[in-house]
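A quick write-up on the structure given underneath.
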Amino acid sequence: MSVRIPVLVGSAVLSGLASMPARAHITPPLVLASDREAVARLLPAATRLFVREVRLSPAERETIRRRAGWNPDDDYYRFYVGRTADGAPVAATVFLSEFTLHGPVRVAVAIGPDGKVTGASVVEVTEESYTWVKPLLEGGFMQRFAGHDARDVLAQTENVGGSMPRFYAGVIARLIARATILYEVTMPPK
C-alpha cells in the first residue's frame, strides 16, 4: 500500500506559510495573589481604603506616552487609595498588565504621596512564565523598587542572571515605571 503525499511548490507554499499567523503559546494563568490580598499587603498602614477611578485626558495620555514610551490603552485606571484613621494618605495601589509571548504579567504597585514606590507585587503570570519569574520573587527582586520613583525604577534590573529572568525583570520594571508615571500625572500632590 502506498500513500500519496501532495507536494506544493513555488508560491503556493510561500503564500500558505505567510498566511499562518504568529501565535503566542499561552499557558493557564497562575494567580499569585488576589487583588484584595495585594492591596492589603501593599497598604498595611491603611485603615481606610477608597477607590479612585482615573480617566485619562488626551493631554495626560500624551504626557505618559512621552515620559514612559507607553500608550495607555485602558479607558480608566483604578487606584486603591489608603489612608490612616485620621485621614493622612498612606499610598495608592494600581494594577497594570503587560502581554508577552508567554502570556500576561500583572503587577500591583503601591506609590506613596511623594511619588515613590512603597511596594510592588507580581499578582498574576502564566504557568510557563512563572518558571522565570519565581527566581526573581524568591531572590527579593521586588524589594529593589521601594523608595524609587519613575526616574530610576528601570535601573533596578541590573544583576539579574539568565536571559528569561532578565526579560521578565524588564517587563516587571516597565510596569512599575508606568505605574509611577501614571500616579505622577493623574494624582499630583495637593
Only one of (1) touching a Ser or Thr at 6+ places or on another chain (Cβ under 7 Å); (2) assigned to a loop (DSSP other than H, G, I, E, B); (3) surrounded by fewer than 19 Cβ atoms within 10 Å (Cβ to Cβ) does not apply to Ala150, and that is (3)
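Go over the candidates Val133, Val122, Val94, Val109 one by one and state the one that is within 14 Å of the chain's Cα centre (by Cα) and free of Cβ contacts under 8 Å to residues at least 40 places away in the same chain. Can you show your working first?
Numbers: Val122 fails: free of Cβ contacts under 8 Å to residues at least 40 places away in the same chain; Val94 fails: free of Cβ contacts under 8 Å to residues at least 40 places away in the same chain; Val109 fails: free of Cβ contacts under 8 Å to residues at least 40 places away in the same chain.
Just a single option satisfies the conditions, and that option is Val133.
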Condition first: at pLDDT 95 or above, open to solvent by 30 Å² or more (accessible area, probe 1.4 Å) and more than 17 Å from Val125 (Cα to Cα). Can you find one or more residues in segment 65-79 that meet it? yes
Do we have Arg41 as at pLDDT 95 or above and either open to solvent by 90 Å² or more (accessible area, probe 1.4 Å) or under 30 Å from Tyr183 (Cβ atoms) (or both) here? yes
Taking segment 158-170 only, how many residues are surrounded by fewer than 21 Cβ atoms within 10 Å (Cβ to Cβ) and within 27 Å of Thr63 (Cβ to Cβ)? 1
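Residues to consider are Ala88, Ala155; find the one that is among the aliphatic types (A, V, I, L, M) and within 22 Å of Arg41 (Cα to Cα).
Details: Ala155 fails: within 22 Å of Arg41 (Cα to Cα).
On inspection, the qualifying residue turns out to be Ala88.
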Do the conditions hold for Phe141, that is, is it open to solvent by less than 50 Å² (accessible area, probe 1.4 Å) and of a type in the set (Phe, Trp, Tyr)? yes
I'd like the full set of residues that are out of contact with any strand residue (DSSP E or B) (no Cβ under 9 Å at 6 or more places or on another chain) and farther than 18 Å from Pro188 by Cβ, limited to segment 75-93. Asp75, Asp86
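Open to solvent by 10 Å² or more (accessible area, probe 1.4 Å), farther than 30 Å from Ser163 by Cβ, in contact (Cβ under 8 Å) with a residue 12 or more places away in the chain and over 16 Å from the mean Cα position of the chain (by Cα): does that describe Glu127?
Numbers: open to solvent by 10 Å² or more (accessible area, probe 1.4 Å): yes; farther than 30 Å from Ser163 by Cβ: no; in contact (Cβ under 8 Å) with a residue 12 or more places away in the chain: yes; over 16 Å from the mean Cα position of the chain (by Cα): yes.
Answer is no for this residue.
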From the list Ser97, Ser121, which one is in a strand (DSSP E or B), modelled with pLDDT of 95 or more, open to solvent by 40 Å² or more (accessible area, probe 1.4 Å) and over 13 Å from Phe167 (Cβ atoms)? Ser97
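The values are calculated or read from the model by the stated rules, or taken from the named source; none is laboratory data. Owing to the predicted nature of the structure, the values given are computational and were not obtained by experimental measurement. Using ideal geometry, Cβ is built from the backbone for each residue, glycine included, and neighbour counts are taken over all protein chains shown. Calculation scope for accessible area: heavy atoms of the full protein, side chains included, ligands and nucleic acids excluded. Shrake-Rupley method; radii C 1.70, N 1.55, O 1.52, S 1.80 Å.
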